[in-house]
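Trainee: Pasting in a structure now, in C-alpha cells, and then I'll have a few things to ask.
The values are calculated or read from the model by the stated rules, or taken from the named source; none is laboratory data. The shown structure was predicted, so the numbers you read here are calculated from the model rather than taken from an experiment. Cβ coordinates were reconstructed from backbone atoms using ideal geometry, including for glycine residues, and neighbour counts include every protein chain displayed. Each accessible area value is taken on the protein alone, full model and side chains, heavy atoms only, with ligands, DNA and RNA left out. Shrake-Rupley method; radii C 1.70, N 1.55, O 1.52, S 1.80 Å.
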Amino acid sequence: MTKRSRKGRGRARSAKLGEALVGCAGGLLRNRPVFLIAGLCLGLILGVAISVHRPSAPTQLASQPAGTQPANAAVTPPQLAPSSGASNAPLASVTPALPLVPLPLPTPSGGKPAWQQFALAMPSTGGKPMIAIVIDDMGIDKADAARVIGLPGPLTIAFMSYATELTTQAQAARAAGDEIWMHIPMEPMDGEIDAGPNVLKVNLAPDEIRRRLDWALARLPGIVGVNNHMGSKFTQSGPGMAVVMEELRARGLAFLDSRTIASTIASQVAGQIGVPHIDRDVFIDNDESVEAVLRQLEETEHVAQRKGFALAIGHPHPTTIAALQQWLPTLRAKGFVLVPASALVRMELSSAG
C-alpha cells in the first residue's frame, strides 16, 4: 500500500468516527431511549476507534536468493531493501537473509577511548600475515551496500557521511560482524570536483571545519574512526589536519589515511597530536574490472607477506563485490587472517610503544 493510500484510509476512518458522533447526538435530540442510543453509539465509536488505531503488520525486509555461504562467513547478515534504480548486477548467491533485529548502536562510555570500545575483537592470528579490507563510499547505493554486508567478513565498512538511513545500514553491518567507520569528504586538488556536502576545505576557518566535522560525526554513533573521501588537497594542509586530529583525539576516534596523494601529511599530524592511525597500502579497484580487482587483491597478499600486514581499500562496485566473493573464501587456505582495520591500529600502537 502506498503512503498516499494509507493516509486516505486514515481520513476515511476519521470521517466514520465523526459520522458516528453526529448520529448519536441526533438520536438524543429526537428523544429516543437514552440507554439504547448510548449503547449503540458507544459500540460504533469503539469499533471505529479500534479500526483506526490497529497497528499495521511489520514490514518484511527483502532477502537474497538461496545459495551457499562460504564456510568462513562470520554471521549471516540481515539484508537491506534495495533502493529504487539501484544496480542489480548478477552476483553469486548467498544464504537467505535473517530479519533485521533492532540492535541499538553503542554510545561512548567511560574508560576506554571510543575507537577501542567500538572495535571488533582482535582475532587470533597465530603469527600469520593479516589483511584488512576496507570498503568505503558505503551507504549511497543501498543495494550494493547490502551486497557488501553480505560478504564473508570481518570487513571494515566506512559509511559516507551524507548517506541516508545510516543507522539502519550500520545495524545490518554490525549484525554481520563488520566494523564501522565513517568516510568524510575532504577537498581534492581539482576544485571542479564536488566531494559532497560539508566537505572540509583548506580555506575554511577552524570553527567552520569543526562545525562540518561535528555534523558528520553526529550522524552515526558507534564508529571506530574516520577516513578521508578524496582529500588530496586537504590532507596536505597542516592547519586543517590539525583541527581534524584535535577533534578526533577529543572523541577518542582513530584515523585511516586513504592516501589519495603521495604527499599527504595526515598520519604525520595524527602522530604529533596523539591520534591512533593507520595508512592504506593498496587501492583494489581504480580499474573496476573483476580481473583488475583480483590482481590488486593478489598485490595485497604480497604486501602482507612482506610487511606482516596489509590494508586495502575498495568501493561497493558490483565488479569489486564479485571479485571479493571469489577471493575472500581463499584467504585461510593461503595462510592469511582477515582482520578489521582496528586490529592494524592496535598493531601500529604496540609497535610504536
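Trainee: Inspect the range 269-288 for any residue being of a type in the set (S, T, N, Q) and under 21 Å from the mean Cα position of the chain (by Cα) and give the result as yes or no.
Mentor: Step one: of the range 269-288, the residues of a type in the set (S, T, N, Q) are 272, 286.
Filter once more, keeping what is under 21 Å from the mean Cα position of the chain (by Cα): none.
Taking every residue of the range 269-288 in turn, none turns out to be of a type in the set (S, T, N, Q) and under 21 Å from the mean Cα position of the chain (by Cα).
Trainee: Can you confirm whether Gly222 is in contact with a strand residue (DSSP E or B) (Cβ under 9 Å, 6 or more places away or on another chain), within 21 Å of Asp136 (Cβ to Cβ), assigned to a loop (DSSP other than H, G, I, E, B) and open to solvent by less than 10 Å² (accessible area, probe 1.4 Å)? Don't jump to the end; show me each part of the working.
Mentor: Values: in contact with a strand residue (DSSP E or B) (Cβ under 9 Å, 6 or more places away or on another chain): yes; within 21 Å of Asp136 (Cβ to Cβ): yes; assigned to a loop (DSSP other than H, G, I, E, B): yes; open to solvent by less than 10 Å² (accessible area, probe 1.4 Å): yes.
So Gly222 passes the test.
Trainee: Given the residues Ala292, Ala304, Ala323, Ala343, which is the only one that is surrounded by fewer than 18 Cβ atoms within 10 Å (Cβ to Cβ), part of a helix (DSSP H, G or I) and not polar (S, T, N, Q)?
Mentor: On the way: Ala304 fails: surrounded by fewer than 18 Cβ atoms within 10 Å (Cβ to Cβ); Ala323 fails: surrounded by fewer than 18 Cβ atoms within 10 Å (Cβ to Cβ); Ala343 fails: surrounded by fewer than 18 Cβ atoms within 10 Å (Cβ to Cβ).
Of the residues listed, the single one that is surrounded by fewer than 18 Cβ atoms within 10 Å (Cβ to Cβ), part of a helix (DSSP H, G or I) and not polar (S, T, N, Q) is Ala292.
Trainee: Moving on. Go over the candidates Glu208, Glu192, Glu247 one by one and state the one that is of a type outside the set (A, V, I, L, M, F, W, C) and open to solvent by 60 Å² or more (accessible area, probe 1.4 Å).
Mentor: Values: Glu208 fails: open to solvent by 60 Å² or more (accessible area, probe 1.4 Å); Glu247 fails: open to solvent by 60 Å² or more (accessible area, probe 1.4 Å).
Just one listed residue meets the conditions, Glu192.
Trainee: Sort through Asp279, Asp287 and tell me the only one that's surrounded by fewer than 18 Cβ atoms within 10 Å (Cβ to Cβ), acidic (Asp, Glu) and under 15 Å from Gly225 (Cα atoms).
Mentor: On the way: Asp287 fails: under 15 Å from Gly225 (Cα atoms).
That would be Asp279, the only listed residue that is surrounded by fewer than 18 Cβ atoms within 10 Å (Cβ to Cβ), acidic (Asp, Glu) and under 15 Å from Gly225 (Cα atoms).
Trainee: Quick check: is even one residue across the range 178-189 open to solvent by 20 Å² or more (accessible area, probe 1.4 Å), out of contact with any strand residue (DSSP E or B) (no Cβ under 6 Å at 6 or more places or on another chain) and touching a residue at least 40 places away in the same chain (Cβ under 8 Å)? Walk me through it before giving the result.
Mentor: Filtering the range 178-189 for residues open to solvent by 20 Å² or more (accessible area, probe 1.4 Å) gives 187, 189.
The next check asks that each one be out of contact with any strand residue (DSSP E or B) (no Cβ under 6 Å at 6 or more places or on another chain); those that pass are 187, 189.
Of the ones still in play, those that are also touching a residue at least 40 places away in the same chain (Cβ under 8 Å) are 187, 189.
Yes, the conditions are met somewhere in the range 178-189.
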